[in-house]
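Colleague: Please read through the structure below; I'll follow up with questions.
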Amino acid sequence: MKNPFKYGESVSGEHFTNRRKEIADIKSAIRSAQNIFIYSFRRLGKTSLIKTVLQSLAGERSIIPVYVDLQRAPSVGQFVEIYSAAIGQAFIARGEKLKKIGALFKMIIPSFELTETGGWKISFDFSKTTRGTEKALEEVYELPQKIAVERGKRVVVVFDEFQEISQYDGSAFEKKLRSFIQHHNEVCYIFMGSKTQIILEMFQDPRRAFYNSADIYPLPLIPGKDLVDFIIERFASTGKRIAPATAGEIVSLSRRSPYHIQMLSAHIWTVSGNKVKQENIRTGLDAIMLSQNELFFSWYDSSSLHQRAVLGTLAQTRKIFSRDVILTHNLGSSSTVQASLKALTRTNLVTREDGKYWIFDPFFEIWLQKKMEI
Ligand SMILES: Nc1ncnc2c1ncn2[C@@H]1O[C@H](COP(=O)(O)OP(=O)(O)O)[C@@H](O)[C@H]1O
Ligand SMILES: [Mg+2]
């Protein structure tokens, strides 16, 4: 039987739960062409959410959704290739003729390739521009609005992992992109980002190009009760029963992170019989500790001695700045603790919110707790 839990890739359908309010909010932003910036910690379900929204709009001919994954675009050149391809792909999905799609682009020449599933894939090679990269870039930037106006449709452009653009050429790219999109009143831009200082500053700092360019939408956690129901239902779909209290324990061990919930549940599913027992949680967690050991060790290993001490302490208490804690854990002074926390936040092992610090990955935290015991 197939494991009913899924993690890693974005999820949809039966693997996706709730988000009713968020789906409705995003849809209404799309209909009114209100740009939004959606952010959350990593793996909280941004990509799954936006893909679910776009999928639910697929039947509406008046909406043209364009999904751009910037994780695949580490340079401006690749950005434009991927962006152009995403626009082309949106028209392929609508069943438009390839010749007509090709005609959208004047300065770069698309190539079409038949896929294994019998569909078409469009791609671009930016070294083959007819009039220089800069002009070709501008053509692509202008396309969503041009299409929206010419065809009388609402174009939705999603930039997933938008913080990636900060790696390009500093503020020049940001300014340029903003200068184009600010006139695009027929297009809804949805910027998505993982919660880091970098992306928050992009939208919240008055000196930055994207300041005031979008409604800011922090993606909330899914309510605990819905997560419990989801776990129970997924187990039940394969004929297994789990008590609400046991499902609740999975949710709290995972700190309500859907990724971790699905990972832990998947392991518990593997080791459990028709009725999930309390002790299956331990066995499932042990299996995760084993499979993640190498990864967690590499995170630990790449941290300095003092940072490791801070990690170990944080795994036991969040009162990292208390004098007693600093003394008992031999952390030196609060300024060295501050410096280590800063470095650990940069490498994403530690997260900060409202002046409080904690270990980002709940299972890494458990791994550290076990490590401190021995
Ligand atoms: N609404 C949801 N219901 C159930 N699981 C979810 C949901 N959203 C996310 N997940 C879980 O979290 C994982 C990461 O989701 P993803 O959408 O890739 O997050 P992000 O884009 O924020 O990094 C998924 O693989 C899935 O296991
Ligand atoms: Mg994502």
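FYI, it's all coordinate maths here, none of it is from the lab. Everything numeric here is computed off the predicted structure, so don't read it as measured data. For neighbour counting, all protein chains shown are included, and Cβ atoms are generated from backbone atoms with ideal geometry for every residue, glycine included.
Colleague: Please report, in cubic angstrom per residue, the volume enclosed by the convex hull of the alpha-carbon atoms of segment 117-208. Mind dumping the intermediate values first?
Modeller: Working: hull volume 14.6 nm³, N = 92.
Given the Cα convex hull of segment 117-208, per-residue volume reads 158 Å³.
Colleague: Given just the C-alpha atoms of the chain, how large is their convex hull per residue in cubic angstrom? Spell out each step's value before the answer.
Modeller: Values: hull volume 62.7 nm³, N = 374.
Convex hull of Cα atoms, per residue: 168 Å³.
Colleague: In percent, what relative contact order does the chain have, based on Cα pairs under 8 Å that are 6 or more apart in sequence?
Modeller: Once divided by the residue count of the chain, the mean separation gives 18 percent.
Colleague: Measure nothing but the geometry: give the 0 to 90° angle between the long axis through the Cα atoms of 76-93 and the longest principal axis through the Cα atoms of the chain, rounded to 10°.
Modeller: Here the helix axis deviates by roughly 70 degrees.
Colleague: How many percent of Cα pairs in segment 1-132 exceed 23 Å? Before the final figure, lay out the partial values.
Modeller: Details: 3975 of 8646 pairs.
Summing the P(r) of segment 1-132 above 23 Å gives 46 percent of all pairs.
Colleague: Scan segment 80-169 for trypsin sites (Lys or Arg not before Pro) in coil per DSSP, keeping those whose Cβ has at most 14 other Cβ atoms within 10 Å, and list them by number.
Modeller: Values: sites: Arg94, Lys97, Lys99, Lys100, Lys106, Lys121, Lys128, Arg131, Lys135, Lys146, Arg151, Lys153, Arg154; in loops: Arg94, Lys97, Lys106, Arg131, Lys153.
Sparse-neighbourhood loop trypsin sites (Lys or Arg not before Pro): Arg94, Lys97, Lys106, Arg131.
Colleague: When we measure straight from the Cα of Lys370, which aspartates and glutamates land under 19 angstrom away, once same-chain ones fewer than 8 places off are left out?
Modeller: Lys370 reaches Glu249, Glu279, Asp286, Glu294, Asp301, Asp361.
Colleague: Can you give the longest stretch of the chain with no exposed loop site, where a site means chymotrypsin sites (Phe, Trp or Tyr not before Pro) in a DSSP loop (not H, G, I, E or B) with at most 15 other C-beta atoms within 10 Å?
Modeller: Longest site-free region, per DSSP loop and neighbour criteria: 1-210.
Colleague: Express in % the proportion of alpha carbon pairs of segment 304-374 at distances exceeding 18 Å.
Modeller: The share of Cα pairs beyond 18 Å in segment 304-374 comes to 28 percent.
Colleague: On to the next question. Could you list, in their original order, any pairs among Lys99/Lys146; Lys6/Lys240; Lys135/Lys176; Lys195/Lys225; Lys6/Lys51 whose Cα atoms are separated by more than 20 Å? All intermediate terms of the calculation are to be shown ahead of the outcome.
Modeller: Details: Lys99/Lys146 18 Å; Lys6/Lys240 17 Å; Lys135/Lys176 12 Å; Lys195/Lys225 25 Å; Lys6/Lys51 16 Å.
Going by Cα-Cα distance, Lys195/Lys225 fall outside the 20 Å limit.
Colleague: So, one more: May I ask for the Kirkwood hydrodynamic radius of segment 239-374, worked out over all distinct Cα pairs and given in angstroms to one decimal? Walk me through the intermediate numbers first.
Modeller: Details: mean 1/r = 0.0623 Å⁻¹.
Here the Kirkwood hydrodynamic radius works out to 16.1 Å.
Colleague: Can you pull the percent of Cα pairs in segment 223-301 with separation above 13 Å?
Modeller: 64
Colleague: Next question. Using a Cα-Cα cut-off of under 16 Å, which aspartates and glutamates could be cross-linked to Lys27, ignoring same-chain neighbours fewer than 8 residues away?
Modeller: Glu60, Glu186, Asp215
Colleague: Take segment 29-71, compute every pairwise Cα distance, and split them into 10 Å bins from 0; I just need the percent in each bin.
Modeller: 22, 57, 20, 1
Colleague: Right, next: Taking just the alpha-carbon atoms of segment 19-218, what radius of gyration and Dmax come out, in angstrom?
Modeller: 16.2, 48
Colleague: Follow-up question, since we're still on this one. Please give the charge dipole size of the chain, origin at the Cα centre, charges +1 on K and R Cβ atoms and -1 on D and E Cβ atoms. Round to the nearest 20 debye.
Modeller: Value, rounded to 20: 580 debye.
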